[in-house]
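Taking it in order: structure first as structure tokens, then the write-up.
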Amino acid sequence: MRLVLWWIVFTAGCIWIHDMIPGIDCFGPAILVLVHQHRYREAAWLTPVWIVINEGAGDLAFGLSVLWFGGLMLIFQVLCLYLTSSNLIFLISLSILAGIWHSSVIQLMSALQEVAIPVDRILLQGVETALLFPLLWAAMTVAFKRWGKSRYVSL
């Protein structure tokens, strides 16, 4: 039960951060940290929950979060082929590519839906994503190792 409570509190914290910094996604880095820590079961059941939350909170039609998370997983897996996931260059590369992917997905989805989002705003969100990604990664790595485990419950 403690683990479920932890994930509820974590999800509420991510929603609060989304509200404070529009355009920043905490769930994407969280999924990658779970995969990095080989916690596949938790990543498998949390990903659909977080997709539904992101899709419900966003202004664009369904599909943005699916593309965002799917692209992040692909970037993560490709980088793991060439670098170890505990390497600083890995994290910097992942952050830069996440920022580029973030801007690309928003640009693509807004163009497909004929929603006018200023390009400078899209690029700024990509830069913010790239800059905040390592901080989110580090904070989540520490938090998941410290509070996000339970020896009594394994989901």
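Contact map, the range 103-125: first residue over 19 Å from L72 (Cβ atoms), second residue loosely packed, with under 13 Cβ neighbours inside 10 Å, Cβ cut-off under 6 Å, separation 6 or more or different chains; pairs are Q113/A61. Please tell me if D19 is charged (D, E, K, R) and under 18 Å from A130 (Cβ atoms). For D19, the condition - charged (D, E, K, R) and under 18 Å from A130 (Cβ atoms) - is not met.
Note on the range 125-155: residues that are of a type in the set (S, T, Y) and modelled with pLDDT of 85 or more total 2. Test A138 against the stated conditions and say whether it is small (G, A, S), more than 17 Å from I24 (Cβ to Cβ) and surrounded by fewer than 17 Cβ atoms within 10 Å (Cβ to Cβ). Considered against the rule, which asks whether it is small (G, A, S), more than 17 Å from I24 (Cβ to Cβ) and surrounded by fewer than 17 Cβ atoms within 10 Å (Cβ to Cβ), A138 comes out as no. Within the range 100-147, the set of residues being assigned to a helix (DSSP H, G or I), of a type in the set (S, T, N, Q) and more than 19 Å from the chain's Cα centre (by Cα) comprises just one member, S110. Evaluate the following for F133: is it over 24 Å from G13 (Cα atoms) and surrounded by 16 or more Cβ atoms within 10 Å (Cβ to Cβ)? The answer is no for F133.
Scanning the range 87-100 for residues that are touching a Leu at 6+ places or on another chain (Cβ under 7 Å), free of Cβ contacts under 8 Å to residues at least 40 places away in the same chain and of a type outside the set (G, A, S) turns up I89, F90.
Among the residues of the range 95-112, is any under 19 Å from P134 (Cα atoms), of a type in the set (V, I, T) and open to solvent by 30 Å² or more (accessible area, probe 1.4 Å)? Yes: the range 95-112 contains one or more residues that are under 19 Å from P134 (Cα atoms), of a type in the set (V, I, T) and open to solvent by 30 Å² or more (accessible area, probe 1.4 Å).
For S65, the test of being more than 19 Å from F144 (Cβ to Cβ), modelled with pLDDT of 85 or more and among the polar types (S, T, N, Q) is failed.
When Y40, Y82 are screened for being more than 15 Å from W137 (Cβ to Cβ), in contact with a Phe, Trp or Tyr (Cβ under 9 Å, 6 or more places away or on another chain) and free of Cβ contacts under 8 Å to residues at least 24 places away in the same chain, only Y82 passes.
The values are calculated or read from the model by the stated rules, or taken from the named source; none is laboratory data. A quick note: this is a predicted structure, and the numbers were derived from the prediction, not measured. Every residue, glycine among them, receives a Cβ derived from its backbone with ideal geometry; neighbour counts consider all protein chains shown. Side chains included, ligands, DNA and RNA excluded: accessible areas come from the protein's heavy atoms. Shrake-Rupley method; radii C 1.70, N 1.55, O 1.52, S 1.80 Å.
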